[in-house]
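Reading through the structure tokens given below for one structure.
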Amino acid sequence: MIGRIARAGRGVTRHRSGVGPAFATWATLALSCALPSNAWAEALPEALAKAYQTNPQLNAERARQRATDENVPQALAGYRPQILASLSAGLQSVRNLLPDNTIQTANLKPWIIGVTVTQTLFNGFRTANSVRAAELQVQSGREALRNVGQGVLLDAVTAYTNVLANQSLVEAQRSNVAFLRETLAVTQRRLNAGDVTPTDTAQAEARLNRGLADLNAAEVALAVSQATYAQVIGNAPSQLRPAEAVDRYLPKSREDAVTMAIRQHPAVMAASFDVDVASTNIRIAEGTLLPSASIQGSASKSRNNDPTLGTFAEDQASIVANVTAPIYDGGQAAAQTRQAKEITAQSRLVLDQVRNQARTAVVSAWVANEGAKVTVSASESEVKAATVALQGVQREAAGGQRTTVDVLNSQADLIQAKARLIGAQRDRVIASYTLLSAIGHLDVKTLNLNTPDYLPEVHYHQVRDAWHGLRTPSGQ
């Protein structure tokens, strides 16, 4: 859609006012060479797929989520036995004074080896609640990851459409400069013929310099947008195809959009899981006030070559059950419980805040999207009217009823109308994607992008029940 702007108004460059067919041919060839070729063009879905796979911000968030997954096996470790092996050995010099005042010395080499196995039987349900809290953190992290993915895709859409818009604006400004050059040349010839005054020439020259400045500004903006594109998408932009809005994926009414957002937006769902995590942390804190029970088995072997001892070796094995009940810990557990309750209250308030933000975002995005439709329609009409007006002014100028400045003003009106239409069409595409993001549906599945969807649950199931192993599932 955006790419079509640059082709609007080509016919206005050829008329009896002195802008001849040579300029029209040049403008047509220049713009046709600048337009993207379908054989080499990159469409918006392809750019979004690249960003989804290669964007550093999104990949970093995926790594964070994989780290969050490891909280679950850490919590599950509380159900498993703890095994500790020990070994000690050394040199010992002994000097004994006996009752008959004789001295006995010896250099000893004692050593002991043992193993201890401890199994927790009950710890106030802290292990079970810790596992639940870790699993809820994983769920919250997945929603946060989905939200970051939406932001990256929206950034990609913005970067893509900005490049398209700036390319079209550069093309329009180049056409404008060519028109002004030809107008200046015609005005100078008419000045030499005595048809116009030096004022007309000065006005044409001033407008040409303004056009050159506007072209330079458009080229600078294009270079900046291309750099941003490379940052977000992962490669420099080539020839881009026109982008289209995604109204087909949007709800039919604003009320439906608001309902979808407050129920399905990843930020809302993440905040909801955070409330559950905070509530579970209350039970974890309360668990420290309950008794604990564990069983411990140990076995050891020791050797001692002290000649004064009756034994040189000792082997031991034991099984011991331990039950402990806290009586008073200085108020630490009570403070932690109260703290967890306050954090839960805070989380609920944050959830309400996020829901309100989601509702506001949807309303704003909906209004912006509807307004963008109106703006595009009005801008298209403005370009058509400005084109007709320029043609009329050129005819009147050829008949002596209009001055050079009238032609220049009409051309300025047309180029400004083109710029507004370029911006309106860019804003129209971005607004539709912004609304899709506001309801929580800006993702690979909804857009049907040609790229595998990242599934965080795959890594979760790979590590959840792992009892050992230092390498990650990816081999690091």
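The values are calculated or read from the model by the stated rules, or taken from the named source; none is laboratory data. From a predicted model like this one, the values you see are computed outputs, not experimental measurements. Glycine gets a Cβ as well: all are built from the backbone with ideal geometry, and neighbour counts include every protein chain shown. Quick note on the areas: whole protein, heavy atoms, side chains included, nothing else; ligands and nucleic acids left out. Shrake-Rupley method; radii C 1.70, N 1.55, O 1.52, S 1.80 Å.
For the reader, a short list of remarks on this structure follows.
- Condition broken by D427, with the remaining ones in (1) in contact with a Ser or Thr (Cβ under 8 Å, 6 or more places away or on another chain); (2) under 30 Å from F179 (Cα atoms); (3) open to solvent by less than 40 Å² (accessible area, probe 1.4 Å) satisfied: (3)
- Some residue of the range 247-254 being open to solvent by 60 Å² or more (accessible area, probe 1.4 Å), among the acidic types (D, E) and in a helix (DSSP H, G or I): no
- Among the residues of the range 97-111, those that are more than 20 Å from R303 (Cα to Cα) and open to solvent by 70 Å² or more (accessible area, probe 1.4 Å) comprise L97, P99, D100, N101, I103.
- Among the residues making up the range 325-335, a single one is open to solvent by 100 Å² or more (accessible area, probe 1.4 Å) and either part of a helix (DSSP H, G or I) or in contact with a strand residue (DSSP E or B) (Cβ under 8 Å, 6 or more places away or on another chain) (or both): Q332.
- Helices (runs of 4 or more DSSP H) wholly inside the range 386-476 that include at least 3 residues being touching a helix residue (DSSP H, G or I) at 6+ places or on another chain (Cβ under 6 Å) and either of a type outside the set (K, R) or at pLDDT 90 or above (or both): 404-438, 456-463
- Any hit, the range 372-386, residues being within 30 Å of M269 (Cβ to Cβ) and open to solvent by less than 70 Å² (accessible area, probe 1.4 Å): yes
- From the options N322, N356, residue that is surrounded by fewer than 18 Cβ atoms within 10 Å (Cβ to Cβ), part of a helix (DSSP H, G or I) and free of Cβ contacts under 8 Å to residues at least 40 places away in the same chain: N356
- Matching residues in the range 437-451 - criterion: being over 15 Å from the mean Cα position of the chain (by Cα) and not charged (D, E, K, R): I439, T446, L447, N448, L449, N450, T451
- Residue match in the range 336-352 (condition: touching a His at 6+ places or on another chain (Cβ under 9 Å) and buried (at least 19 other Cβ atoms within 10 Å of the Cβ)): no
Condition check ((1) more than 26 Å from V268 (Cα to Cα); (2) in contact (Cβ under 8 Å) with a residue 60 or more places away in the chain; (3) of a type in the set (K, R)) across all residues:
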site	(1), (2), (3)
A412	yes, yes, no
Q416	yes, no, no
I422	yes, yes, no
Q425	yes, yes, no
A438	no, yes, no
G469	yes, no, no
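- Assessment of the range 42-57 against the conditions (among the aliphatic types (A, V, I, L, M), under 29 Å from V376 (Cβ atoms) and at pLDDT below 50) yields no matching residue.
- Matching residues, the range 179-215, being outside any helix (DSSP H, G or I) and surrounded by fewer than 18 Cβ atoms within 10 Å (Cβ to Cβ): G194, D195, T197
- One residue alone among V72, V94, V117 is modelled with pLDDT under 90 and either surrounded by 11 or more Cβ atoms within 10 Å (Cβ to Cβ) or in a strand (DSSP E or B) (or both), and that residue is V94.
- For the range 449-464, the set of residues classified as hydroxyl-bearing (S, T, Y) and either within 17 Å of E143 (Cα to Cα) or open to solvent by 60 Å² or more (accessible area, probe 1.4 Å) (or both) consists of Y454, Y460, listed by residue number.
- Only one entry in T127, T120, T105 is in contact with a Ser or Thr (Cβ under 8 Å, 6 or more places away or on another chain) and farther than 30 Å from S294 by Cβ, namely T105.
- Out of Q53, Q104, one residue alone is touching a Lys or Arg at 6+ places or on another chain (Cβ under 8 Å) and not in a loop (DSSP other than H, G, I, E, B). It is Q104.
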